[in-house]
1. For the range 125-159: of the residues being among the hydrophobic types (A, V, I, L, M, F, W, C) and not in a helix (DSSP H, G or I), which is surrounded by the most Cβ atoms within 10 Å (Cβ to Cβ)?
2. Output the residues belonging to the range 100-123 that are more than 14 Å from the ligand (Cβ to nearest atom), out of contact with any His (no Cβ under 9 Å at 6 or more places or on another chain) and either part of a helix (DSSP H, G or I) or polar (S, T, N, Q) (or both).
3. Taking interchain pairs and intrachain pairs at least six residues apart, which have beta carbon atoms under 8 angstrom, with the first residue in the range 32-58 and more than 18 Å from I6 (Cβ to Cβ) and the second near the ligand (Cβ under 10 Å from one of its atoms) and part of a loop (DSSP other than H, G, I, E, B)?
4. Name, by its number, the condition in (1) within 12 Å of the ligand (Cβ to nearest atom); (2) modelled with pLDDT of 95 or more; (3) basic (K, R) that does not hold for K71.
5. Between a first residue in the range 76-102 that is within 22 Å of E22 (Cβ to Cβ) and free of Cβ contacts under 8 Å to residues at least 40 places away in the same chain and a second residue that is assigned to a helix (DSSP H, G or I) and of a type outside the set (D, E), which pairs have beta carbons less than 9 Å apart while being 6 or more apart in sequence or on different chains?
6. Kindly indicate whether N64 is within 11 Å of the ligand (Cβ to nearest atom), surrounded by fewer than 17 Cβ atoms within 10 Å (Cβ to Cβ) and of a type outside the set (S, T, Y).
7. Scan the range 133-141 and tell me whether some residue there is under 17 Å from H17 (Cα atoms) and of a type in the set (K, R).
Amino acid sequence: MAIALIPGSFDPVTNGHLDIIERTASHFDELIVAVIRNPQKAEPLFTLDERQDLLLEVTKHLDNVRVDFFKGLLVEFAAEHGVSAIVKGLRAVSDFDYELQMAQMNYQLSKIDTLFMPTSSRWSFLSSSLVREVARFGGDVSKMVPPQVAERLQERFKK
Ligand code: PNS
């Protein structure tokens, strides 16, 4: 059985993430979407539980997708779960340098391959950090994130 893994902060999940998740799920028997608990990163907007819950809601139409979390090394989580490939979305060339380096490091550590999936051009400008910033200042992000996420952002930033 071919199992793929999409890791990330998902703070919050955007339409760009969902596009990559849906397309990856169509190529694999199973897809694990794993949210990172990263104590080294700045305080996230949403807690790990909230990020996981949002991912669960927005992927519930996908039968072969499971949502999980991890801390520590990605490749350890991947090996424990029998993952055959890590999948990363690439928005632009600017993403590539760092993603390539991580892919090579992860391969060196585990012999698990990383596959790059080009983001749909529709979402190539999109990032969770920009969505947070726009929402924080009252901008409309409803076309950039699933409705459940837009609602949570509105609640979080309501004046
Ligand atoms: O959504 P993000 O924050 O860009 O995702 C980054 C993530 C989680 C994929 C990356 O930081 C990661 O894999 N972290 C886990 C720790 C790890 O394995 N580091 C070594 C990477 S080569």
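The values are calculated or read from the model by the stated rules, or taken from the named source; none is laboratory data. From a predicted model like this one, the values you see are computed outputs, not experimental measurements. Heads up, the Cβs are rebuilt from the backbone with ideal geometry, glycines too, and the neighbour counts pull from every protein chain shown.
1. Among them, the one singled out is V145.
2. Across the range 100-123, the qualifying residues are S120, S121, R122.
3. Cβ pairs passing all conditions: P39/K71; L45/D11.
4. (2)
5. Cβ pairs passing all conditions: L90/F96.
6. In short, no.
7. No, the conditions are met nowhere in the range 133-141.
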